[in-house]
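Take a look at the structure below.
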Amino acid sequence: MGEKIDMKQNRQISRQQSDGQAEKNRTAGIFIRSWGTLLGFMLLLAVFSLLRPDVFPSGRNFRNIIEQVATLAIVASGVTVVMVTGDFDLSVGAIASLVGIIAALLMKAGASIFVSMLAAVAVGTTAGLINGLLIAYGGLSAFVGTLATMTTFSGTALLISKGTTIFGLPDTFAYLGQGAILFIPVSVFVMGISLVLMYLLLEQTTFGRRLYAIGGNEEAAFLSGIRTRRVRFISFGISGFFASLGGLVLTSRLFSAHPQAGSPFMLNAAAAVFLGMTAFKEGEANIWGTLLGVLIMGVMGNGLNILGINTYVQSILTGLIIVMAVLLSSLAKKKA
Amino acid sequence: MGIQEALRLTQVKKSYTGVKALKGVDLSFNIGEVHGLVGENGAGKSTLIKILAGIVKPDDGEIRIKGNDVHIRSSNDATAYGLCFIHQELNLVSYFNAMENIFLGHRYPRKFGPLVDWKELKRKTGKITDALQVSFPLNVPVSYLSAVERAMVAIARAFAESGEIYFMDEPATALTDIEKKKLFAVIRNLRMQGKTVIYVSHNLDDVLEITDRITVMRDGTVVACSSTEEMTKEMLISHMIGKSLTSAFPERKDSTGDLLLQADRLTNDRIHDLSFSLHRGEILGIGGLVGSGRTELLETLYGVRGHQSGSIKLEGKPYAPRDPGEAIEQGVVLVPEERRRQGLVLGRSIYENITLMSLSEVSRFGFLRHQTIRKKSSEAGRRVRLKSSNYDNSVSTLSGGNQQKVVFAKTVMNLPRILMLDEPSKGVDVGARFELYTIIRELAESGVAVIVVSSDFNEILGLADRILFIKDGKMISCRENTGIDQESYLHFCYGREN
């Protein structure tokens with residue numbers, strides 16, 4: 001421990017001794033670090049617009065993209081909270097699937113749409129709190145804990161749906177994923193509310209301060225009187241809640257519930273948050289970064305589709321871009 | 001040429017941004033001797049060891065090993081020169097067994113190509129344990145071994161790596177008397193094998209018992225070096241203290257008020273039967289050596305540790321915090337020892353750090369009130385004379401002294417009832433210390449009860465109204481800070497009652 005601190009101090013000393021040129025480089029470094037990901041996003045838009053000027057840069061297509069990413073954005077905003085404290089949530093995809101199945105089964109059984117949705121979200125939030133219990137109080141690592149519950153939740157969804165897709169949902173339920181208020185799709189509306197709520201929570205409340213303090217230095221946070229375990233426990237509940245919300249919107253969009261419909265959320269949500277950590281704030285999960293990450297993933301998918309590149313290649317490219325973004329930002333950080 | 005030199009340092013110098021840690025050290029250690037190295041904190045022992053371990057580079061000076069000029073650039077270099085370091089936190093892999101740990105730096109013996117030859121490993125380990133005349137269980141993970149057995153494993157590993165010069169830093173802390181005897185037997189064995197052992201410790205009795213020669217350091221230089229037979233504890237202490245520093249402390253004013261806290265026979269795994277009282281406006285110093293239970297006492301009062309028996313009363317009401325949050329609610333706050341690791345969230349702003357302990361004071365229904373945050377933080381900042389133009393800056397941009405003031409500001413934003421300080425001036429440069437002491441005194445005068453733990457006895461002697469001396473978690477003495485000089489202070493720390 002002592003050695004590490006010493007090395008850090010040495011580095012800081014040599015940093016202070018560096019001349020004006022280095023100071024300039026540092027400023028440039030901070031700029032690239034904060035805005036590089038956003039610039040990359042612009043570049044992506046420009047490239048697709050140049051390659052397919054007739055199709056890509058149209059209002060219709062942009063609306064399409066935003067509708068496509070709405071569910072991911074809802075789920076990822078919950079995952080952001082967990083990742084602010086330095087934890088991780090692999091189970092969001094499974095929770096989203098499970099919530100969709102439960103809501104669908106309840107509706108089919110004759111429960112009202114509202115009650116079905118409420119009950120399903122309650123189950124999903126409880127699932128998140130179970131994660132929190134295991135990880136914050138049980139001492140499991142977030143990775144192992146949510147990997148295990150992911151499997152369990154996923155199994156539950158398969159079991160109660162008997163592994164099949166549930167069709168024949170009530171027509172009004174389609175409104176959530178397919179309807180619109182004043183030309184704005186309801187799903188986008190839900191996404192907007194989720195993002196604003198999350199912004200308020202993270203940046204404007206004492207709870208947000210506690211989350212960031214834990215992420216920055218858990219021991220110092222604890223010694224400052226923060227109930228670190230309780231905060232982490234709640235953060236998993238929040239993640240479960242937004243995963244549930246995403247699951248409902250997804251089910252409505254597809255107008256059917258599949259026990260594995262939410263699976264792609266698991267990695268995509270984490271990837272979006274990771275991408276977002278490279279933007280705006282230094283290496284910290286933040287909500288606008290997450291939105292940017294979600295948009296990058298959405299634009300990538302959409303643009304590559306328009307270019308007619310097959311989905312396997314798309315996966316490869318998406319992976320490479322995440323690696324590049326995170327690598328570049330960590331290199332920029334090292335240099336500064 | 002009867003005695004050969006194993007290691008010689010000539011005029012080794014090192015300064016850290018203006019502070020001279022080593023002002024030209026001349027030292028030599030002989031082959032086949034156990035050499036004690038003593039000195040107060042800040043005397044330069046640890047800098048010296050870091051230089052030899054290749055962690056820190058000296059600014060100037062020569063290092064010779066067996067007569068050859070060497071440059072130690074990394075810890076690998078140090079190992080190659082036969083220098084090995086047995087730390088308190090031993091670098092053992094806790095779920096490996098002793099054999100695996102001892103040969104960690106080597107290739108394990110092989111058979112059939114890649115397979116580890118366990119029989120051969122056991123035989124080789126046996127050779128080493130025979131040579132050192134030590135024994136410890138070989139087949140269980142070292143985490144199941146006792147403290148002394150783990151120390152033995154570490155020594156055996158150094159021996160296996162053909163170490164010539166063994167640096168042992170407080171190796172006997174946390175050992176029972178019987179275990180200590182075992183350790184000393186191993187050290188004598190190493191000496192018989194022609195190795196050099198450098199024994200660094202605050203425990204002067206141990207140093208006098210085990211060493212052949214003793215070097216005393218003070219203020220970055222060697223002030224005495226002679227054979228152990230010619231040394232007494234009193235001589236060592238007077239060498240360590242030297243001329244008393246004209247210390248810069250604010251004038252002590254008696255602001256002691258009513259009884260605030262009463263601890264009665266407080267006991268847990270690190271403290272035993274501690275009873276003491278604390279009054280409003282009083283500064284209580286805790287005297288004792290590293291590992292005496294000083295920090296643990298603070299942790300117990302702060303809810304980090306529980307207590308098995310005994311009781312604490314705060315203003316007559318039972319007080320037993322279960323976590324720091326509850327302690328803070330009762331107005332009991334702590335400035336922890338490790339500022340960067342425990343005190344600050346380094347990546348966050350000064351505002352965020354200052355308000356971290358009192359978020360409910362700067363919010364309404366859980367929502368932050370930025371105006372209140374600004375007002376209250378700058379008030380707290382002023383109280384501790386924090387110099388920073390912009391509280392939006394990250395705390396990592398501040399100097400050590402100013403960082404410490406941020407931690408202070410955090411703890412006193414709501415005026416606490418009890419302020420506990422663990423090594424308050426650690427890593428704070430001398431110039432800023434007086435200011436820190438003045439702040440502490442001012443807080444006491446405003447009615448805050450202060451408890452100070454420090455390894456720097458001048459700090460305790462200069463600040464405290466009363467001193468509670470503890471050793472091994474037990475109370476030695478509790479007395480007014482009058483007529484205690486540095487020598488009697490150390491005697492109390494070492495456990496003598498008068």
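The values are calculated or read from the model by the stated rules, or taken from the named source; none is laboratory data. Given the structure is predicted, the values throughout are model-derived calculations rather than measurements. Because the Cβ atoms are built from the backbone with ideal geometry, glycine has one as well, and the counts that use them run over all protein chains shown. Remember, those area values only see protein heavy atoms, side chains included, never the ligands or the DNA or RNA. Shrake-Rupley method; radii C 1.70, N 1.55, O 1.52, S 1.80 Å.
Summary table below
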{"read-out": "Between helix B:118-132 and chain B: long-axis angle, C-alpha atoms, 0 to 90°, nearest 10", "value": "80 degrees"}
{"read-out": "Cα→Cβ-extended label distance, 7 Å offset, between B:PHE367 and A:LEU320, nm", "value": "4.7 nm"}
{"read-out": "Eligible lysines near B:LYS66 by straight Cα distance, threshold 29 Å, same-chain separation 8 or greater", "value": "B:LYS13, B:LYS14, B:LYS20, B:LYS23, B:LYS45, B:LYS50, B:LYS57, B:LYS124, B:LYS127, B:LYS195"}
{"read-out": "Selection of trypsin sites (Lys or Arg not before Pro), region B:26-72, meeting DSSP coil and at most 16 other Cβ within 10 Å", "value": "B:LYS66"}
{"read-out": "Average beta carbon contacts from partner chains per residue of B:186-198, 10 Å cutoff", "value": "0"}
{"read-out": "Accessible surface of region B:139-298, 1.4 Å probe, proportion on carbon and sulfur as whole %", "value": "48 percent"}
{"read-out": "Under 19 Å from B:LYS181, Cα to Cα: aspartates and glutamates that are on another chain or at least 8 residues apart", "value": "B:GLU33, B:ASP130, B:GLU149, B:ASP169, B:GLU170, B:ASP205, B:ASP206, B:GLU209, B:ASP212, B:ASP472"}
{"read-out": "Mean Cβ neighbour count within 10 Å, used as a protection proxy, ranking A:94-104, B:73-83 highest first", "value": "A:94-104, B:73-83"}
{"read-out": "Between 0 and 90°, nearest 10: helix A:142-160 axis offset from chain A longest Cα axis", "value": "10 degrees"}
{"read-out": "Cα-based Lys proximity count in region A:38-335, under 28 Å, for pairs eight or more positions apart or on separate chains", "value": "4"}
{"read-out": "18 Å reach of a label modelled at B:ASP269, 7 Å along Cα-to-Cβ, counting backbone N of region B:70-101", "value": "B:89-90, B:94-95"}
{"read-out": "B:SER135-B:SER477 FRET efficiency (beta carbon distance; Förster radius 60 Å; 0.05 resolution)", "value": "0.90"}
{"read-out": "Interchain or long-range residues, amide H under 5 Å from B:ALA6's placed H", "value": "B:PHE29, B:ASN30, B:ILE31"}
{"read-out": "For A:ALA180, distant residues with modelled amide H under 5 Å away", "value": "A:VAL186"}
{"read-out": "Qualifying trypsin sites (Lys or Arg not before Pro) in region A:192-243, DSSP loop, other Cβ atoms within 10 Å at most 15", "value": "none"}
{"read-out": "Gyration tensor verdict on chain A (Cα atoms; rounded if a/c is under 1.5, prolate if a/b is larger than b/c, oblate otherwise)", "value": "oblate"}
{"read-out": "Per residue solvent-accessible surface (Å²) - region B:5-241, probe of 1.4 Å", "value": "46 Å²"}
{"read-out": "Tensor-based shape of chain B (alpha-carbon gyration tensor, a/c under 1.5 rounded, otherwise prolate or oblate)", "value": "prolate"}
{"read-out": "Potential extension, B:GLU62-B:ALA80 segment - 0.36 nm per residue separation minus Cα distance", "value": "4.7 nm"}
{"read-out": "Portion, in percent, of the accessible area of region A:104-192 that falls on carbon or sulfur, probe 1.4 Å", "value": "78 percent"}
{"read-out": "For chain B: relative contact order, % (alpha-carbon pairs under 8 angstrom, 6 or more apart)", "value": "15 percent"}
{"read-out": "Interchain or long-range residues, amide H under 5 Å from B:LEU138's placed H", "value": "none"}
{"read-out": "Distance-filtered residues of region A:229-272 - backbone nitrogen under 14 Å, label point 7 angstrom along A:GLN204 Cα→Cβ", "value": "none"}
{"read-out": "Spatial separation of Cα centroids for region B:71-119 and region A:178-222, in angstrom", "value": "49 Å"}
{"read-out": "The protein assembly as shown - mean residue ellipticity at 222 nm from DSSP helices (-39,500 (n - 2.57) per run, n ≥ 4, rounded to 500)", "value": "-16000 deg cm²/dmol"}
{"read-out": "Virtual paramagnetic centre 7 Å along Cα→Cβ of B:ARG374, amide N under 17 Å, in region A:188-220", "value": "A:204"}
{"read-out": "Loop-located GluC sites (Glu not before Pro) in region B:284-359, at most 14 other Cβ atoms within 10 Å (DSSP)", "value": "B:GLU315"}
{"read-out": "Percent antiparallel among DSSP beta bridges (both partners in region B:5-241, rounded to 5)", "value": "60 percent"}
{"read-out": "Difference of contour (0.36 nm per residue) and Cα-Cα distance, B:SER360 to B:SER15", "value": "119.8 nm"}
{"read-out": "Degrees, to the nearest 10: A:113-132 long Cα axis against longest axis of chain A", "value": "40 degrees"}
{"read-out": "For region B:5-241: relative contact order, % (alpha-carbon pairs under 8 angstrom, 6 or more apart)", "value": "29 percent"}
{"read-out": "Additional length obtainable on full extension of the chain from B:ARG123 to B:GLU161, 0.36 nm per residue less Cα span", "value": "12.1 nm"}
